[in-house]
Structure formats: structure tokens, C-alpha cells
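Have a look at the structure below, then the notes.
Readers should treat all values here as calculations from the given coordinates under stated rules, not as data from a laboratory. Everything numeric in this text was worked out from a predicted model, so none of it was measured. Positions of Cβ are generated from backbone atoms using ideal geometry, with glycine treated the same way; all protein chains shown enter the neighbour counts.
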Amino acid sequence: MRGLLSPQFLLLLIACVQAANITTGNNNAGKLQNSNSRNQSSQNDIDPVVINGYVVTDRRLGFAHLARIVFEPFPSLQSQCTGSLISPSFVLTAGHCLVKGVFKIFRWKYKNFNVTLGDLSTSETGETHEHTRSGIPLPFPFYPKFKTAIDPTDIGLLKISPQANITDYTKPIALPPSSFELPLNATVTVAGWGVSETGGDASDLLRWGSAQVDDSEACSAKLSTKQICLFDQARLQSSCNGDSGGPVMYDGYVVGTVSYGTTDCPLDSAWGAVRVSAYVTWIQIHTGTL
């Protein structure tokens, strides 16, 4: 039995599960996945994404906190998420952008995190306000706690080094109070780099879109009050591929980190985020702001 617990075996097991793209859950959640489980056949997974989103032309218009996160889930395999700068030293993102869990038993932290701040385009390097930092992952303890991709603990931090250069183009976004309640039917803003139309290729431009907080039957996959369901068919805008840790913004706060969505990103389906207010105390303890 000792051989079954060898590092080589565990790595092989994780790789096989990753390649098989396994997701579990109730019947309503059968096609719901978080972003890094969707496009693992590509070595350049682009997340997050905003379907039918508008191009961000100036980060100073409420997008100065956006962070593009590139990492290696396995050696020589690159993937990408997004996050929100919440202090000069910390970026808030999704747990599945930091660690992989298999059967709630094995957990594998991803490697070689690079966090780019201040940019608008993924293809243009050396933009005037762009700077890149290395990151150390700090997922919420024992994430993932659920077998399904729809996990209410899908949240985490990256400690970046050296600290971010704080300017009008790169500045932290505020955390909500722990008592903050996001109103039902409130319109929120999401942003990120990636696919801008259903079935299309990744855009290298930062884009933003809107969604509405929902609690209808379309949100039946939600497991906990620590999650936010978003569904807004009228605007024909949506996250796609789970939006990988991208911010859900409302009233000047980052109120959510996008966590899961439906395969192929149809505009008539709901998607979900983790409620930041439920984890504010944990975040403040680890960032030293409590």
C-alpha cells in the first residue's frame, strides 16, 4: 500500500482526474463547472471572460484593482485567472485558481504565480502602467470541501511580492463589511480578459459587463447563502468558463469572486460567485487589516 501513496502516484491521479474533467453534484448542477475545469485541453486557458462585454479603455474608471493571474497547474502547463487587488500585498481570487482538490482528499497547490497589474491587453507587454509581481497562494482552509465544482468555500488570496505600485491605474478595491447584504435584483459589474462571444476565441482586451442578483429557479444549483447567483437574460451579458476569480462589484465594493457557470456559457443560464462578506474576517486576519 505504501506505493499507492507515493508522490508520483498522487500526481498521476490528479492529472488523470484533471484530464477527465470530472464534475459532480445534483441533477441541476450536472453541467456546472468552475473555470479551470473547463478548458484543460488547452495550454493557454484564458479566464475570466465576459460574454458581450464592453472594452475597458481606462482602468481609472473603476477597474484599477483588476489583476491578471498566470500560473502553472502542472509543469509546462499555463493557465490564467483574474483577481482583485485588495491591499498593496494581497490579491483576492477564487480558490480553484490556487489549488486543485481530488475527492476531497488530495490537494495540489499550483505553482509559479505571476500577477500583472495596471494592464489592459494580454498581448501588449510593457504597457505604461503595467507591472508584474510573483505570488504565494493562500486558499481558504481545506478548500475544496465539496465534490461538486459549486463550492461555497471557493475563495482565496495571493500574497504578492514586492508590493504593488499604487497609482491611479493600480489601486485596491474596498472589501464590504461582514454584515453587508447584497440586494436581490441589484445590478452588479463583472470584468476580465477572455472570450467575448459565445463559442468565440479569447480576447486579449480587458472587458466589463453587468448582471443581476437572482434567486429564481435558475439558481437552484446554489448550495449556500455564502454564494451569489447571477442571472440577467435581458442584458445578454454573462461570465463564461466560470470567470475564474473575477470580481463582482457593487457600490464600490468587491462583493463576490466568480466561481462557477454552465458549460459553453449560454446566455439563458445562471452563474455564481462566492459572497465576499462571508469571508471578510478571514481575509482581514490574513492580510493584517483586522
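Order these peptides, 81-89, 219-227, 63-71, 131-139, by their mean beta-carbon neighbour count within 10 angstrom, highest first.
81-89, 63-71, 131-139, 219-227
Could you derive backbone 3J(HN,Hα) for the stretch 176-186 from the dihedral phi with the Karplus parameters 6.51, -1.76 and 1.60 (θ = phi - 60°), listing whole Hz in sequence and x where the residue is Gly or Pro?
So the J values, rounded to whole Hz, are x, x, 5, 8, 5, 10, 7, x, 4, 6, 5.
Out of residues 5 or more away from ARG59 or on other chains, whose amide H comes under 5 Å of its own, with H placed 1.01 Å from N in the peptide plane?
none
Students often check this: by mean Cβ neighbours within 10 Å, which of 210-217, 105-112, 253-260, 117-124 ranks highest, and how do the rest follow? Provide the component values of the computation, followed by the final result.
Working: 210-217: 16.8, 105-112: 13.8, 253-260: 27.8, 117-124: 18.5.
Per-residue Cβ counts within 10 Å, averaged per peptide and sorted highest first, yield 253-260, 117-124, 210-217, 105-112.
With a point put 7 Å past each Cα toward its Cβ, work out how far THR57 is from PHE106 in nm, to one decimal.
Modelled inter-label distance: 5.0 nm.
For an R0 of 41 angstrom, estimate the FRET efficiency from the Cβ-Cβ distance between GLU72 and GLU181 and round to the nearest 0.05.
Details: r = 38 Å, r/R0 = 0.94.
According to the calculation, E is roughly 0.60.
Which pairs in the list LYS159/LYS222; LYS111/LYS145; LYS145/LYS226; LYS100/LYS171; LYS111/LYS171; LYS109/LYS171 are over 23 Å apart, alpha-carbon to alpha-carbon? List each step's numbers first, then the result.
On the way: LYS159/LYS222 29 Å; LYS111/LYS145 21 Å; LYS145/LYS226 13 Å; LYS100/LYS171 29 Å; LYS111/LYS171 25 Å; LYS109/LYS171 27 Å.
The answer is LYS159/LYS222; LYS100/LYS171; LYS111/LYS171; LYS109/LYS171.
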